[in-house]
Structure formats: C-alpha cells, structure tokens
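Step one of this worksheet: look at the structure below.
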2 protein chains.
Amino acid sequence: MATTQKVSTTINGVAVDALLATIEAIKSTPTLAKFRFRIRNQWQSGSRNCSTVSSFTGANQELAHPQPFTLEADEPAILLGNDLAANPVEYLLHALAACLTTSMVYHASARGIGIEQVESFFEGDLDLHGFLNLNPKIRKGYQGIRVSFKIRANVPDEQLQEIVQLGTTYSPVFDSLTNGVPVSVTAERL
Amino acid sequence: MATTQKVSTTINGVAVDALLATIEAIKSTPTLAKFRFRIRNQWQSGSRNCSTVSSFTGANQELAHPQPFTLEADEPAILLGNDLAANPVEYLLHALAACLTTSMVYHASARGIGIEQVESFFEGDLDLHGFLNLNPKIRKGYQGIRVSFKIRANVPDEQLQEIVQLGTTYSPVFDSLTNGVPVSVTAERL
C-alpha cells in the first residue's frame, strides 16, 4: 500500500524538524513555552530517601511520563549511610552533566553540526566544615565544579570549543547552578 | 560466647555516635573534611545520556561505592526525547529534595530530635524562551523552585519549622543551588 510519508530530519538523534516546528509554535503561541517540573520525595530512614517523577506541565497541558521514575538516594558508609544509591551531591553532578550534554546536542543539531561521540567528567569539591557547622567561613555547598568534555566530531578545533559553549550557553541546569535559583520552602505537619 | 559490645546510639536511622565521632576527628585532623565527588557521563543519542558514579575522595582516602551507580537521563516526547528516564531538570529537583531531607534528618538526629515521617514536594518553573534563545530577557534555568515539606514528629509547631530550617541551613545542594557554584569547563577532541 502506497502511503505519503513525511521524512523527518534527524541529526544526532534529534528530530530537527520537530525542534524547528516547536520554535515556530512558541513564536505564535508564547504560553506553549511555560513548563513546570515536579517531584515528590519520601524519606525512608537515615540517609535514604526516594523521589517519584511522574507528571509535569508544559505546552498548556498536564502531561505524564509513560511510567513514574523512581530515584533513590543514599550516602556512602563514610558519611553514615548504607551506600545503596548515589548521594545528593552526586545527583547534582549528574543533573549538570545530563543537561550540558543534551543542550549541546540539541543546539548543535539545530545548526546541522554532526557529533559522533561525547564523554564528560565532572568533579566537585566539598568541605564538611561547612555542612557540620565547624567553620562559618566554609560554605556548605560545592566550592567549585570542574567539567571536562571529550568530543568526537568532524569539525575544526575552534568549532569543537563552540559546540561545548552551546551547552554552557543554553543549559537550564548550568544556568540554575552557576547563577543560582530562588527556592521558597514551607513546612506543615503531616 | 560473651562479647563486649559497644551499643550505638541511632536516632532516625542515623548513627549519632558515629556522627559525633566524625566531628571530633575533623576537629583534630581538618583535612579529613575534604571530599571530592565525581561522575562520568556518556552521550548515547539525542536526549539520552548516562552517568556512572563509582568513586570519590574523602577523609584523605580514595573511596569507591560497593558497585557503580548508573543514572540515565532522557527527555519526554514533547521535548523530543523517548521518555525512558527522568530529565536533567527533574534530576536537579531530586538532588535538592534528597539533600534537604538528609541534611534535616542528620542535624535533627544530632540534636536528639525524633522524626517519624517526611514527605516533600518540589516544583520548578522553566520558560523555553530561554533555552530556545527566543527571548534574551528570559533565563535558561529555573525561574523559581517551590518546596513544601510535610513532617510527622512529636514536637511543638515552632520546632517543626526549625527542623526544616536545619535542612535549608546545612544542605550542600540547597547552598549550591541558591547561591550558585563556579563551574569551569574544558573541551578536547576524543
């Protein structure tokens, strides 16, 4: 049976035609751009807790993942945990790595730049004098994070740097983490 | 066979005697407080990439998790992914949730405050005009994150608020995300 098919333009696994269509749709209906992501976390015991990621709002719709994702957290033994899952500050590095990589790949794809392989390494320094309140001059959070990307792509050296800059320029997590986000917190009795 | 046993003091699943011993050890040997967490990320295709969490440095030792943890990332279909895993900005919420909860529980435990149950909800607003570079005035990252904790504990109302403040005061991810972290990025050819 003969059918008419729209051939999609996919670069680096990104449906570039859909990406460009999204941009056009947002230009004509700006509220489509508003997204709201959410999770629910439940404490288990000690260092163990677990988040459920099931729904989000975007493009003027309530949307759901096909199945909820469960994200466990724990601490290693040296930080008094059971070492059954990555710890919160390791998850933060993953969020940053995943977002830089995806942002880079999407924006490179939109520009028609083919990427063959990407590996990256993330390392952050923490001094427990902060968390344990032993020295008020030492911050609780990461003092600094070092990122190193290795990329295989058939581009000149200058463009290799530009590809990575697409990540740092457009990544929502990179912006959130380097520039900070206002976080409001309320508490009530369960 | 009779043995001499040290009875450990555990509150909320946290070995408080070990926590206090850690504090004393750091007071006498400050370099024990220095930790370095790391991950390695590999791009798969499009919106899919994967981090491996296997080792870290802390307390003047090279340490390894008993087994490497694998953290997948994807995007939902509306953001051109395959929806096989949570996305980077959802992971960021999980990192924040896990860290606030663990920080709160550890510090409450050190103060002898018993906590029975903790649930929390995290929601963040993103406007794709930023990521898609359609409006330079709209940031790429989260515009704001709202956190709501529900806690069951046999404490007066004021102390319920104080318990949550232990989280916001000491959490490394909360500090990192609200105050920002310097991130340095390099790129080389693979």
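The values are calculated or read from the model by the stated rules, or taken from the named source; none is laboratory data. Because the structure is a prediction, the values reported are computed rather than measured. Neighbour counts are summed over all protein chains in view; Cβ atoms, including those assigned to glycine, are modelled from backbone coordinates with ideal geometry. The accessibility values were calculated without ligands, DNA or RNA, using every heavy atom of the protein model including side chains. Shrake-Rupley method; radii C 1.70, N 1.55, O 1.52, S 1.80 Å.
Summary table
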{"read-out": "Whole-Hz ³J(HN,Hα) from phi, Karplus 6.51 cos²θ - 1.76 cosθ + 1.60, for the stretch B:22-27, glycine and proline x", "value": "4, 4, 5, 4, 5, 4"}
{"read-out": "Calculated P(r) tail over 27 Å for the protein assembly as shown, as whole % of Cα pairs", "value": "48 percent"}
{"read-out": "Closest approach to the A/B rotation axis among chain A Cβ atoms, residue and whole-Å value", "value": "A:180, 2"}
{"read-out": "P(r) weight above 25 Å for chain A, C-alpha pairs, percent", "value": "53 percent"}
{"read-out": "Integer Hz, Karplus 6.51/-1.76/1.60 couplings in order for the stretch B:162-169, x for Gly and Pro", "value": "5, 4, 5, 5, 4, x, 5, 6"}
{"read-out": "Accessible area expressed per residue, the protein assembly as shown, with surrounding protein chains retained (probe 1.4 Å, Å²)", "value": "43 Å²"}
{"read-out": "Residue B:63 versus residue B:148: modelled label distance in nm, points set 7 Å from Cα along the beta carbon direction", "value": "3.6 nm"}
{"read-out": "Summed buried accessible surface, chains A and B, 1.4 Å probe, nearest 100 Å²", "value": "11900 Å²"}
{"read-out": "Solvent-accessible ranking of A:140, B:27, largest area first, probe 1.4 Å", "value": "B:27, A:140"}
{"read-out": "Computed accessible area, residue B:138, all protein chains, 1.4 angstrom probe, square angstrom", "value": "30 Å²"}
{"read-out": "Residue B:139 long-range amide H proximity, modeled H, under 5 Å", "value": "none"}
{"read-out": "Residues in the stretch B:88-109 that, when all protein chains are in place, have 30 Å² or more less accessible area than the chain alone would give (probe 1.4 Å)", "value": "B:88, B:89, B:90, B:91, B:92, B:94, B:95, B:98, B:101, B:102, B:106, B:107"}
{"read-out": "10 Å Cβ neighbours from other chains, averaged over peptide B:59-66", "value": "3"}
{"read-out": "Cα-only Debye scattering, the stretch A:95-141: base-10 log of I(q)/I(0) at q = 0.17 Å⁻¹", "value": "-0.62"}
{"read-out": "Size descriptor, Kirkwood hydrodynamic radius, that averages inverse alpha-carbon separations across the stretch A:98-190, Å", "value": "15.8 Å"}
{"read-out": "Residue-averaged [θ]222 nm for chain B, counting only DSSP H segments that reach four residues, each worth -39500 (n - 2.57)", "value": "-10000 deg cm²/dmol"}
{"read-out": "Accessible surface of the stretch B:100-163 [probe 1.4 Å, protein heavy atoms]: carbon and sulfur percent", "value": "45 percent"}
{"read-out": "Accessible area (Å², 1.4 Å probe, nearest 10) - residue B:104", "value": "0 Å²"}
